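Following: one structure in C-alpha cells, then a few remarks.
The values are calculated or read from the model by the stated rules, or taken from the named source; none is laboratory data. Here the structure is a predicted model, which is why all the values come from computation and not from measurement. As a convention, Cβ positions derive from the backbone with ideal geometry for all residues, glycine included, and neighbour counts pool all protein chains shown. With ligands, DNA and RNA removed, areas are computed over all heavy atoms of the protein, side chains included. Shrake-Rupley method; radii C 1.70, N 1.55, O 1.52, S 1.80 Å.
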Amino acid sequence: MHNRWRTHHCGTLRSQDVGQPVILNGWVAQHRNHGGVIFINLRDRSGNVQALIEQDASTALQRRGEALKLESCVALVGKVRRRPDQMINTSMPTGEIEIKIEELELLAECQPLPFSISNDSEAREELRQHYRFLDLRRPKMQRNLEMRHRVVGAIRQFLHQQSFYEIETPTLIRSTPEGARDLLVPSRQQPGHFFALPQSPQIYKQLLMTAGFERYFQIARCYRDEDARGDRQLEHSQIDIEMSFVDSAAIFKLVEQLLYHVFLTARQEQLSLPLPQLRYDEALLYYGSDKPDIRYEGQIVDCGTWAANSTLHIFQKALKSNGSVRALRLPPCQLSRRELTELEEQARASGAAGLAWCQVQEEGLRGGIGSHLQPQWKEIKAQLGVSAGDMLLFVADSTPIVCRTLDSLRRSLIARQKLPLKNEYQKGFSKEFGWVWITDFPLFEWNSELQQWEAAHHLFSMPHHRYHAHLEQRPGEVRGEIYDLVCNGVELASGSIRIHQAELQRRVLAIVGIHEREAERRFGALLRALQYGTPPHGGIAPGLDRLLMLLQGEPSIREVIAFPKNSLGANLLDDSPSAVDLAQLADLGIALRNNNHE
C-alpha cells in the first residue's frame, strides 16, 4: 500500500461522500464471510463503518480479509458507495453507505480476546481492569472519556471567560488534617521526613487569595487514603475554585452558571436555575440525610408533638431521652409482609431498636400500630397531612439514629421503586437530575471516643457572624458558612466561606485541641498569611469524576476514569501498589518490620 494513513475517520462518512476514494485506519470490530463476500466493520474513535471485499477481488486481497482477527489494527483503501435500499442500517450514523475495499494492510494483529469488546460484555470488573486498554475500546467507555474531555473543555472555557486564572499548586506538601488519612511520600534528602499528597489544595488556594489573584481555579488531582466506594477512590479530580470579595450567594450563582454552561455544551440541554436550597437541619428533618435525593416522594415528618401523648412505651422512652419520633410518609403503596420484615431488619442494622408502621384509611389508621394511635388520629391527620392509602414507617430513638435509619429506608424504597418521582421530575431533562444546595452545616462535631470537638468539614470554614462571640462556650450550636451541592443523593461539591482573620482562625483551632505551638507547626504558612491583609474569600470544589458519573448515568466513578483503582485501592493493569527493592528503601531510611519482602 503506497499511502496507508487515513484521509477520513470511519464514523464521519455519510451519503454525500458516495464516490469518494478513502483511506481508513482502525480496528476490526466485526468480521463475517457471507457466501464469499467478506464484511468488515471498521472502528476508530469517531465510530464504525461497514467495509467489504467482494467476490471479484484478487485472491491475495480475499485471503488477507479472511485471515483478519477481531480487534486487529488495519489500514484499507476503498471507495464509498451507497448501500442497497434493503441493506440500509438506520441504527448506524454511517448506515446508508459502505466501503468497497481495494487494498488492505494488517498493521498489528490482535491475540484472542479475553472478553468481548462490546457494551453488553459480561466480563468481571477484575478482568476488565487487568485489560483496561481493551476495555477502553468499548463504545461506552469511548463515549465516557469523550464526555470527560468535552466537560473539562467547557469548564476551562467558562472560567477563563469569568476572569479566573488557572494556577497549579504543589502535589508534594505538608501533611495536614483534612478528614481522611494522607498518602505519604518519604523524602530521600531528609530521612525520616515525609511529604503528603494533597487531599485538596486547601491552604495553597487560600494563600493565592492573600497573594491577590482574586479568582483561581485548577482541575486538581487529590489523594485520600480511604476505602473505595462507588463515588470515591484513592485519587480523584476536582474542579477547584476560590474567589475573593464574595459571599456564598455569589459562589452559588457562579457554580450554577458553570453547570448551565457545561450541560448546554456537553449535552445540549438546559438547567433550570436557580437551584433549590435546604438548610442542613431541614435536610435532616425532611430526608434524614445531608445528601438527599429530592427527586422522589416520601418525606420524613416529625411526630414529637402528638407522640408525647401516645401510650406507646417506645415513643415515650425516646422523647424522655431527648430523642425523636419521626415517620417516613409513603404515598399510596402496598408493602408485603416480607418487605416490611426486610425493612425492619434494615432498621435494626442501622442501629434502631426496630420499626413500626401503619396504613392510613379514610376512617383512621389500620395495621401495625394503627390501633394504638387511633386516639391521636385527628391530630395526626391535621399535622401530617396524610390521605387514604398512605403508609407511615415510624422510628423512635436518638435523633442521629432516627435520621440514619429513615434515610437508609428511604434509599432502599427508592431502589425498590416503591417511591414515585415528584411531578416536576416525571418527564424531560429534569427527571434525571435532582439538584439541591445544603447550607449552614455545623462547624464542629463531638468525637465521643476522643472526648473532644472536631471540625465537621475542615478547620478553615467561617462560622456565621452571630456565633463569633461565644464560639468556645457552645461549639455544638455553631453553624458555619459551609455548603454542599447535592445531585441525586450524591455530594457533588463542597465548599465554604473561609476564615480570613488570624485571631479567629486560632480560636477555631484551639476548640479542636490545636493550640498555639501546634497551630504554628501545622499551619504556620497560613497563619502568617492571615496577618498580612488577606481578603474575605471563599470557594468550592465540585468533583469532576462524580459529575461525569452522573452525566453518563454510571454507577461508579471508575467508569469515567481512564485508569482507575479497584475497590481495594489497587491498579490491576500494572499490579500496583507493588513491592520495591530493599536498596530503594535503604536510600529512604526505611526498614520493613517483616521479612516477607519480595
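Using the structure shown, decide if A415 is within 33 Å of the chain's Cα centre (by Cα) and open to solvent by less than 30 Å² (accessible area, probe 1.4 Å).
no
Considering only residues that are within 11 Å of the chain's Cα centre (by Cα) and of a type in the set (K, R), look in the range 543-592 and name the one that is nearest to E432 (Cα to Cα).
Once the filter is applied, the top-ranked residue is R546.
Kindly indicate whether R295 is charged (D, E, K, R), farther than 30 Å from Q257 by Cβ and surrounded by 19 or more Cβ atoms within 10 Å (Cβ to Cβ).
no
Restricting the search to the range 298-308, which residues are open to solvent by 20 Å² or more (accessible area, probe 1.4 Å) and in a loop (DSSP other than H, G, I, E, B)?
Selection gives A308 alone.
For the range 75-114, what are the residues that are in contact (Cβ under 8 Å) with a residue 60 or more places away in the chain and open to solvent by 50 Å² or more (accessible area, probe 1.4 Å)?
Of everything in the range 75-114, those that are in contact (Cβ under 8 Å) with a residue 60 or more places away in the chain and open to solvent by 50 Å² or more (accessible area, probe 1.4 Å) turn out to be K79, R81, R82, P93, E96, E103, L107.
Restricting to the range 187-222, name every residue that is among the hydrophobic types (A, V, I, L, M, F, W, C), closer than 19 Å to L544 by Cβ and out of contact with any Pro (no Cβ under 7 Å at 6 or more places or on another chain).
Hits for the range 187-222 are L197, F217, I219.
Could you list, in sequence order, the residues of the range 456-474 that are within 22 Å of S289 (Cα to Cα), surrounded by fewer than 21 Cβ atoms within 10 Å (Cβ to Cβ) and touching a helix residue (DSSP H, G or I) at 6+ places or on another chain (Cβ under 8 Å)?
Residue satisfying the conditions is H458 alone.
Please count how many residues of the range 557-574 are of a type in the set (G, A, S) and open to solvent by less than 10 Å² (accessible area, probe 1.4 Å).
0
Please verify whether the range 175-195 includes one or more residues that are polar (S, T, N, Q), out of contact with any Phe, Trp or Tyr (no Cβ under 9 Å at 6 or more places or on another chain) and either under 26 Å from Q531 (Cβ atoms) or surrounded by 14 or more Cβ atoms within 10 Å (Cβ to Cβ) (or both).
The answer is no; no qualifying residue exists.
Can you find a residue in the range 422-438 that is free of Cβ contacts under 8 Å to residues at least 60 places away in the same chain and basic (K, R)?
yes
Scan (1) over 17 Å from R45 (Cα atoms); (2) of a type in the set (G, A, S); (3) in a loop (DSSP other than H, G, I, E, B) for the single condition A60 breaks and write down its number.
(3)
Search the range 519-536 for residues being open to solvent by 60 Å² or more (accessible area, probe 1.4 Å) and not aromatic (F, W, Y), and hand back the single one that is nearest to L443 (Cα to Cα).
Among those residues, the one meeting the criterion is R522.
Is it the case that some residue within the range 246-269 is surrounded by fewer than 18 Cβ atoms within 10 Å (Cβ to Cβ), within 22 Å of A456 (Cα to Cα) and out of contact with any helix residue (DSSP H, G or I) (no Cβ under 9 Å at 6 or more places or on another chain)?
Taking every residue of the range 246-269 in turn, at least one turns out to be surrounded by fewer than 18 Cβ atoms within 10 Å (Cβ to Cβ), within 22 Å of A456 (Cα to Cα) and out of contact with any helix residue (DSSP H, G or I) (no Cβ under 9 Å at 6 or more places or on another chain).
Among the residues of the range 156-170, count how many are more than 20 Å from V262 (Cβ to Cβ) and either exposed (fewer than 12 other Cβ atoms within 10 Å of the Cβ) or modelled with pLDDT under 95 (or both).
2
Residues in the range 423-440 that are modelled with pLDDT of 90 or more, farther than 21 Å from Q268 by Cβ and of a type outside the set (A, V, I, L, M, F, W, C): how many?
Number satisfying all stated conditions: 2.
Residue pairs, Cβ under 7 Å, 6 or more apart or interchain, first in the range 501-523 and without any contact (Cβ under 8 Å) to a residue 24 or more places away in the chain, second among the small types (G, A, S). List them.
R506/A519
Residue by residue through the range 489-518, note down the ones that are more than 17 Å from L443 (Cβ to Cβ) and either open to solvent by less than 10 Å² (accessible area, probe 1.4 Å) or not basic (K, R) (or both).
G489, V490, E491, L492, A493, A502, H515, E516, E518
Those residues that are under 22 Å from R474 (Cα atoms) and among the charged types (D, E, K, R), I need them from the range 502-522; list them, please.
E503, R506, R507, E516, listed by residue number.
Tell me, yes or no, whether the range 223-237 has at least one residue that is open to solvent by less than 10 Å² (accessible area, probe 1.4 Å), in contact (Cβ under 8 Å) with a residue 24 or more places away in the chain and either closer than 30 Å to Y532 by Cβ or over 18 Å from the mean Cα position of the chain (by Cα) (or both).
no
Among the residues of the range 214-254, write down those that are hydroxyl-bearing (S, T, Y), assigned to a strand (DSSP E or B) and modelled with pLDDT of 95 or more.
If the condition is that a residue be hydroxyl-bearing (S, T, Y), assigned to a strand (DSSP E or B) and modelled with pLDDT of 95 or more, then Y216, S237, S244 are the ones that fit.
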